[in-house]
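> Encoded as structure tokens, here's the structure I'll be asking about.
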Amino acid sequence: MKSPQLSTVITAVVFAIITYFITTTISAEPVIAAACVFIGSFLAPLLTNSSESSSTGATSTADTDDLKTLYVGNLPYRANEAAVKELFANYGHVQSVRLMKDKHTGKRRGFGFVEMAANDINKAISALNDTEFQQRTLKVREAKERPERTSSEGI
């Protein structure tokens with residue numbers, strides 16, 4: 001289960017406090033106060049999500065559109081995601097790092113993918129392609145789109 005965001009919790013608590021003061025002022029039954037708090041717990045996520053999505057909606061779609069994926073080949077087998085992320089972070093914002101493993105043995109396959117801001121990839125490619133990293137010469141280029149697999153290919 002996903003935990004609620006802080007803004008949702010704050011909204012629910014504020015709603016509960018307001019409900020408490022209103023019901024004590026008009027001498028309402030505790031059942032009415034509990035019902036108001038219960039309803040407020042359902043309204044709080046709706047109120048906070050609608051305000052957050054309207055304020056950050058434009059930037060979140062722009063952020064995902066501005067990401068590109070780099071192929072990184074000839075990686076050392078001992079390299080981990082943190083080391084590769086640290087290396088690429090010198091040349092721009094790194095969103096994610098995925099190092100490929102053999103599905104049967106679980107060992108690294110010596111290549112992976114780095115997701116970076118689109119305006120930083122050329123800088124990273126020119127700086128890191130054909131450079132040495134942990135005694136291996138890296139091959140860095142923009143990743144090609146993988147064609148969709150059909151169900152018959154996976155068998």
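> Being under 16 Å from Lys139 (Cβ atoms) and in contact (Cβ under 8 Å) with a residue 40 or more places away in the chain is the filter here, so list the residues in region 85-115 that pass it.
Leu87, Phe88, Phe111, Gly112, Phe113, Val114
> In region 116-141, which residues are surrounded by fewer than 16 Cβ atoms within 10 Å (Cβ to Cβ), of a type outside the set (Lys, Arg) and touching a residue at least 60 places away in the same chain (Cβ under 8 Å)?
Hit for region 116-141 is Thr137, nothing else.
Here, each number is a calculation from the coordinates, and none is a lab measurement. Every value quoted in this text rests on a predicted model; they were computed, and no experiment measured them. We place every Cβ from the backbone using ideal geometry, glycine too, and count neighbours over all the protein chains shown.
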